[in-house]
Amino acid sequence: MLQLDTIDAGYGGFQALLGVSMTVNAGEAVAVIGANGAGKTTLLRVVSGLLRPTSGTMIMEGRDLVRTPAHKIVETGIAHVPESRRLFPRLTVRDNLRMGAFIPGARARFSERLDYVYTLFPRLKERESQLAGTLSGGEQQMCAIARALMSGPKLVLLDEPSMGLAPVIVAQVFDLVRRIRSEGYTVLIVEQNVRQVLKVADRAYLLEVGRIKAGGSAAELAASDDIRKAYMGI
C-alpha cells in the first residue's frame, strides 16, 4: 500500500530522516518505535505532506506522493491523527468531525460517516454538542481518531496517541487502536510506549537518530534484548 524508499527530510540545516525505507501493507498495523527526537513525528509529517522530503520516493497505491500537493494527499486515502490531537477546542465534537469530512467525497457522505464513527465511538455521540476543548484526554484522542476516520481513509497515521495521558487512559487509547484495526483499517503508528504498541502492531521498525536500525515482526522486536533494555526498562 505505502512504500518509502531512501527518504531524506529535515528542517532548515537539520536533517531529521536519513535514507529511510519502509513498507506498509494493506490491512496491517505497522509501528515505528524509538526515543524522543528519533524522527518519528517527522516521518509521519512527510507521509501526510506536511513536510516535503529532500530526496527519495514515496508511493501510495501507485501514486507518487512526493509529487502530490499536500492538500491532495488526504484524497489518496491517508488520514493523519497528529501529536497532541490538535482538535479545534472551541468547536463542538460534531463540528470537529465535520472538519474531518472536508474533502468532496467525504462531504457527500457526511451523515453516513457520522453515523459510522458514532457507532464505533458511542461516547462521542453523547458528547456531540460539547466543546472539544472540554473533553477528557481520552475523549479528545477518541475525537481526533474519529475525525480522521470521517474522510473514509485507507491508511491512518497515528502520532504518539498515548502522549501526555494518565496510565489508565493510555490503556483506553490502545483499545481504540485495536478497535479501528478490527474495522479493517491499515495503521501506521509512531509511539514511545514500546511495550504497549508492540502488542497492537503486526510489524515494527526501530528508528534511531533518523535511521531505520531494525525491523521485523512486532513479536521479534518485543523479544529483542537490546530493545527490551533500551526501551522497555527490562
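FYI, it's all coordinate maths here, none of it is from the lab. Everything quoted here is computed from the prediction, not taken from an experiment. So basically every Cβ, Gly included, is an ideal-geometry build from the backbone, and we count neighbours across all protein chains shown.
Descriptive notes on the structure:
- Candidates in the range 111-130 are the residues that are touching a helix residue (DSSP H, G or I) at 6+ places or on another chain (Cβ under 7 Å) and not in a loop (DSSP other than H, G, I, E, B); of these, the one that is nearest to Val74 (Cα to Cα) is Arg113.
- Subset of the range 10-59 (residues that are more than 15 Å from the chain's Cα centre (by Cα), among the hydroxyl-bearing types (Ser, Thr, Tyr) and either in a loop (DSSP other than H, G, I, E, B) or under 20 Å from Gln196 (Cα atoms) (or both)): Thr54
- Counting only strands (runs of 3 or more DSSP E) that sit wholly inside the range 151-234, those with at least 2 residues that are in contact (Cβ under 8 Å) with a residue 12 or more places away in the chain, of a type in the set (Gly, Ala, Ser) and surrounded by 14 or more Cβ atoms within 10 Å (Cβ to Cβ) are 211-217.
Residue by residue, here is whether (1) crowded, with 18+ Cβ neighbours inside 10 Å; (2) basic (Lys, Arg) holds:
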residue: Thr42; (1), (2): yes, no
residue: Arg45; (1), (2): yes, yes
residue: Met58; (1), (2): yes, no
residue: Glu61; (1), (2): no, no
residue: Leu65; (1), (2): yes, no
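- Residue match in the range 77-87 (condition: farther than 30 Å from Ser21 by Cα and either among the acidic types (Asp, Glu) or in a helix (DSSP H, G or I) (or both)): no
- Note on the range 88-102: among residues that are among the aliphatic types (A, V, I, L, M) and part of a helix (DSSP H, G or I), the one that is surrounded by the most Cβ atoms within 10 Å (Cβ to Cβ) is Val93.
- Across the range 112-142, the number of residues qualifying as touching a strand residue (DSSP E or B) at 6+ places or on another chain (Cβ under 8 Å) and either surrounded by fewer than 20 Cβ atoms within 10 Å (Cβ to Cβ) or more than 16 Å from Pro89 (Cβ to Cβ) (or both) comes to 4.
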